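Take a look at the structure set out below.
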Amino acid sequence: GFSRAPIVIVVGQVEDRPAVREGRVVARPMCTLTASIDHRVLDGYQAGKLAASIKTLLESPEMLDAEP
């Protein structure tokens, strides 16, 4: 059936993956986030802005405690 949720986010398993830090390849814990969005609710530009904001908060969770 159809979902009544305008956005569905699926969080993948956290696993070590290669990443470049200070010019060196190191193992870092990462996971994949996948989103399915009803385009009647959110267009591509807005989805991109939302994705960038989520990425920023996941990379710097201390920002959640910051004063506005």
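The values are calculated or read from the model by the stated rules, or taken from the named source; none is laboratory data. Only a predicted model underlies this, so the values are computations on that prediction, with no experimental measurement involved. Note that each Cβ is placed from the backbone with ideal geometry, even for glycine, and that neighbours are counted across all protein chains shown. Each accessible area value is taken on the protein alone, full model and side chains, heavy atoms only, with ligands, DNA and RNA left out. Shrake-Rupley method; radii C 1.70, N 1.55, O 1.52, S 1.80 Å.
So for the pair Ala52, Glu67, with labels modelled 7 Å out along Cα→Cβ, what separation do we get in nm?
Spacing of the two 7 Å Cα→Cβ label points: 2.7 nm.
Taking the Cα centre of the chain as the origin, how large is its charge dipole in debye, to the nearest 20, when only Lys and Arg (+1) and Asp and Glu (-1) carry charge on their Cβ atoms? Spell out each step's value before the answer.
Numbers: 8 positive and 9 negative charges, 59 e Å.
In debye, rounded to 20, the chain gives about 280.
On a 0 to 90 degree scale, rounded to 10, what angle separates helix 44-59 from the longest Cα axis of the chain?
The helix 44-59 is inclined about 40 degrees to the chain.
How much length would be gained if the chain were fully extended between Val14 and Leu33, taking 0.36 nm per residue of separation minus their Cα-Cα distance, in nm to one decimal?
Extending this stretch completely gives an extra 5.8 nm.
Which semi-axis lengths, in whole Å and largest first, follow from the square roots of five times the eigenvalues of the Cα gyration tensor of the chain?
28, 17, 12
Which percent of the accessible area of the chain is formed by carbon and sulfur heavy atoms (probe 1.4 angstrom)?
Using a 1.4 Å probe with all protein chains present, the chain comes out at 57 percent carbon and sulfur.
Of Ser60, Ser53, which has the most accessible area and how do the rest follow, probe 1.4 Å?
On the way: Ser60 35, Ser53 65 Å².
The most accessible residue leads, giving Ser53, Ser60.
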